[in-house]
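Undergrad: Please see the structure below; I have some questions.
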Amino acid sequence: MDTEELRDYLKENSNIENLFTSKCLQYLTEKNNQRSLDKRWPQERIDREAANMYYKFLVNIHDKISSNFKGLAKHDPNKWRHFISVNEVLDQLLS
């Protein structure tokens, strides 16, 4: 499973992306409000930064799960789904 397939799987089976992005937007907005007026970011940049933070989070999850597989198993979506289910990865991400 590649990163994009993992993203799709998480989107279909959880609301992790929405929760994570929401928290990022809140954090980035607070940080932005602390900047001087002339250095504040427009909302589009805050949205982009939140999306980048989620993508980095997703890559990190992918790398950690991927380290549990060897050879061709790294590319088998069924093995990934099984691993995610058995190890309750979604529950751990939500807590």
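The values are calculated or read from the model by the stated rules, or taken from the named source; none is laboratory data. Everything numeric here is computed off the predicted structure, so don't read it as measured data. For neighbour counting, all protein chains shown are included, and Cβ atoms are generated from backbone atoms with ideal geometry for every residue, glycine included. The protein model used for the area step is the full one, side chains on, heavy atoms only, and it has no ligands, DNA or RNA in it. Shrake-Rupley method; radii C 1.70, N 1.55, O 1.52, S 1.80 Å.
Undergrad: Looking at (1) more than 11 Å from the chain's Cα centre (by Cα); (2) of a type in the set (S, T, N, Q); (3) part of a helix (DSSP H, G or I), which is the one condition that is false for N52?
TA: (1)
Undergrad: Another question, then. If the requirement is being surrounded by 10 or more Cβ atoms within 10 Å (Cβ to Cβ) and either touching a Ser or Thr at 6+ places or on another chain (Cβ under 7 Å) or closer than 18 Å to F20 by Cα (or both), which of these qualifies: F83, F57?
TA: Exactly one residue qualifies, and that residue is F57.
Undergrad: For the subset of the stretch 1-41 comprising residues that are basic (K, R) and not in a helix (DSSP H, G or I), which member is most open to solvent (accessible area, probe 1.4 Å)?
TA: Among residues in the stretch 1-41 that are basic (K, R) and not in a helix (DSSP H, G or I), the one most open to solvent (accessible area, probe 1.4 Å) is R40.
Undergrad: Six or more apart or on different chains, Cβ under 8 Å: which pairs go from a residue in the stretch 76-95 that's basic (K, R) to one that's open to solvent by less than 80 Å² (accessible area, probe 1.4 Å) and part of a helix (DSSP H, G or I)? Could you list them?
TA: Once the first residue is basic (K, R) and sits in the stretch 76-95, its partners that are open to solvent by less than 80 Å² (accessible area, probe 1.4 Å) and part of a helix (DSSP H, G or I) give K79/A73; R81/Y9.
Undergrad: Let me ask something else about it. Report, by residue number, each residue of the stretch 60-72 that is exposed (fewer than 14 other Cβ atoms within 10 Å of the Cβ) and part of a helix (DSSP H, G or I).
TA: Scanning the stretch 60-72 gives N60, D63, K64, G71, L72.
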